[in-house]
Amino acid sequence: MSDMTAITTILKQILNGLQSGSIYALIALGYSMVYGIIMLLNFAHGDIIMVGAYLAWLCMVRFALNPALAVAAAVAGCTALGMLIEKAAYTPLRSSPRLSLLITAIGVSYLLENTFQLIFGAGAKTVPPFFNAKNLSFGGVVLSSNAIVTIIAAAVCMALLTLLVQKTKMGKAMRAVSEDMGAAQLMGISINRTISFTFAVGSALAGIGSVLYCTAYPQADPMMGSMLGLKAFVAAVLGGIGSIPGAMIGGLAIGLAEALVSAAGLSTWKDGVVFAILIIVLVVKPTGILGRSLNEKV
Amino acid sequence: MDKVKTGGAVYRRLPTGLRYLINTALFALFLITITALADNRVISYSDSKVLMLIAVNIILAVSLNVATGYLGQLPLGHAGFMAVGAYTSALFMRSASAYPGQLMFPLGLILGGLVAALFGLVIGIPALRLKGDYLAIITLGFSEIIRVVILNIDSVLGFKLTFGAASLKNIPTTTTVFNAFLWAGIVCFIIHAMMKSRHGRAILSIRDNEIASESCGISTTFYKTLGFCASAFFAGIAGGLYAGYLGILSPGSFGFMKSIEILVMVVLGGMGSMLGSIIAAVALTALPELLRAFSDYRMVVYSLVLIAMMIFRPEGLMGSYDFSLGGLLERLLNRKSAPLIKEDES
């Protein structure tokens, strides 16, 4: 192998890494925001992505709709589902021990996986491409247009989210509720609306994530959410759960690490490497890269 | 609580030795009955397989309960310890197949348990510095790493050890209904005795208030690691039984979902209740088998039950209640002897 092809391979893998990394980051944001506000590891989040992928498949294959409509349906469906799950399963448990909430989230995740398996069967459905674009080529280096679109879309979403959280009234309310729920309520912030809104935003990001994921791996199957969700979740913890820039950094780091491990020909080890990075970061900095540490109160 | 005076009457206690004798006798009777039923094919072969799985799951649930219910931590990597125990004892049993199985099987199980406990120590020391959800994630990470290592270790070693995704085959199937339940009973007894001891009380105090117990001079790091290692040890034993039950091991069966499955048993049964863990392990293993006819819907029903249970009874089936036969007998004994005197509620 000449030097040139080696460099091309590495560049390609870095691009792949950034692509899957931005998908992880989008999904990780959902985990992170929900954790920040109600301290719940929302295990059902990965399955919301699965639902999004099925919605896109339904629109495009069953109903032969325009891909743009399919994207809109996936995002809207995920948003509605996220809010529904929050209202039906998590609101009744707001004052229960956190472990009950966690088990409920696992229950919701099982429910979504098995319901979809019951309806659509265990086999994977092929999601057709959302758009046709030629791959770009720079002096022999071919860049996948899917990857570029994914990275740009993810970056735009994250920028919008940052604006939403930092500049709007609702964003301020979200930050206040995650800081101190009781005090926020005393200041006249509606807790229920804010939490609902957080789930909506997180699930919408998951919807976008599912569309982008389908451009990279054009398949929908009932169990796709669990490993994807787990990786994104690791990304959120790695970056510091509850922190929005942390989720982005974590997602990109995981995506790049996976791509580079695969490029080195060790793709069967990549899950192990992801978790090893997580463990090392947590041992050195127990709250993740950008996480804030809470002082122990006696 | 020795002889307690309630309203002038003496509360009579059963001697501890007698309590143990009654429990042992009842357990022996149960073992003999169930073995006789299985040997004479009153219980069909497939049902006796389910019974073995029930015993394995009882050990898993009860052992996770040590770390979750008694120590108050939330590890999500129990399947990892089970995998370590299963592979260790399977490899041992394969290489010791020339020796009598009755002798080698317990050795293999204990070896599996010890190696799992060693992993528990190595993982516990860094992991237990973290709290709550972070502990959950880091243990989950370790167990996934264990799975990936088992899957790929052969390519590093250069010879076949675990056979990776191709599964480790030809493990002597030495697990029977008798020894599975015998081990389940032994494990439950050891955990019960441990929790009634000074060390068990220290572990419980960490669950109730870590800062307070530390200020009372309890070495929280030591006892957390101890509890965690004990939990891993018994998970390793369960793994060994599982290997002998299945005769074939593949790393895929020790994924993250397995850990969740065990956690669900503990939480549904009631955290910190051994009886609850046992009931939940029996129910959650037997129910899917009974619902085979409705196999399409059973997982949907299962998840709905899980959600409903957490919404309507978040403390689990048993809460933290634990059944004690001796205690029940004592109450009966005292009621008979002094029926007119009301028992003091305070």
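Every number here is computed from the coordinates shown, using simple stated rules; none is lab data. Remember, it's a predicted structure, so these values are computed and weren't measured experimentally. Every residue, glycine among them, receives a Cβ derived from its backbone with ideal geometry; neighbour counts consider all protein chains shown.
Summary of values
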read-out	value
Förster radius 22 Å - calculated FRET efficiency between B:A193 and B:A36 (Cβ-Cβ, nearest 0.05)	0.20
Helix axis angle, B:325-337 relative to chain B longest principal axis, alpha carbon, degrees	20 degrees
In sequence order, calculated HN-Hα J values of region B:32-48 (Karplus, 6.51, -1.76, 1.60; Hz; x Gly/Pro)	4, 4, 5, 5, 4, 4, 6, 5, 8, 6, 5, 8, 5, 4, 5, 5, 6
Neighbour-count ranking [beta-carbon atoms within 10 angstrom, fewest first] of A:Y217, A:Y90, B:Y87, B:Y11	A:Y217, B:Y11, A:Y90, B:Y87
Principal semi-axes in Å for region A:23-223 [√(5λ), Cα gyration tensor, largest first]	31, 22, 13
FRET efficiency, 1/(1 + (r/R0)^6) with R0 45 Å, evaluated for A:A200 and A:A264 via beta carbons	0.65
Alpha-carbon centroid distance for the pair region B:13-33 / region B:164-218, whole angstrom	21 Å
Semi-axis lengths, Å, region B:89-184, gyration tensor of Cα atoms, sqrt of 5 times eigenvalues	28, 20, 11
Degrees between helix A:67-85 axis and first principal axis of chain A (Cα, 0 to 90, nearest 10)	30 degrees
Placed amide H near A:L143: partners under 5 Å, 5+ positions off or other chain	A:L136, A:S137, A:F138
Per-residue ³J(HN,Hα) for region B:86-91, Karplus 6.51 cos²θ - 1.76 cosθ + 1.60, θ = phi - 60°, Hz, x for Gly and Pro	5, 5, 4, 6, 5, 5
Potential lengthening between B:L103 and B:Y321 on full extension [0.36 nm per residue; Cα-Cα distance subtracted]	74.7 nm
A:L266, A:L278 arranged by Cβ crowding within 10 Å, fewest neighbours leading	A:L266, A:L278
Proportion of all alpha-carbon pairs of chain B beyond 33 Å (%)	32 percent
With Cα atoms, 0 to 90° folded angle of helix A:244-263 axis to chain A main axis	30 degrees
Distance between region A:223-283 and region A:88-161 - C-alpha centres, whole angstrom	15 Å
For region B:10-257: relative contact order, % (alpha-carbon pairs under 8 angstrom, 6 or more apart)	38 percent
Test item: B:293-300 mean partner chain Cβ contacts at 10 Å	3
Cβ neighbours within 10 Å from other chains - mean over A:156-168	0
Amide H contacts under 5 Å for A:V127, placed H, 5+ residues apart	A:Q219, A:A220
Cβ-Cβ FRET estimate between A:L65 and B:E330, R0 fixed at 60 Å, reported to 0.05	0.25
Vicinal HN-Hα couplings computed from phi for region B:192-198 (Karplus, 6.51 cos²θ - 1.76 cosθ + 1.60; Hz; Gly/Pro x)	4, 5, 4, 6, 7, 7, 4
Inter-label distance, nm, simple model (7 Å from Cα along the C-beta direction), B:F312/A:R193	3.4 nm
Extension reserve of the A:A76-A:L143 stretch, reckoned as 0.36 nm per residue once the Cα distance is removed	21.1 nm
Calculated P(r) tail over 37 Å for the protein assembly as shown, as whole % of Cα pairs	41 percent
Per-residue Cβ neighbour rank within 10 angstrom, fewest leading, B:S295, B:S48	B:S295, B:S48
Cα-based Lys pair tally, region B:10-257, threshold under 25 Å, eight or more apart or on separate chains	4
Inter-probe distance in nm under a simple model that places probes 7 Å from Cα toward Cβ, at A:I10 and A:D180	5.1 nm
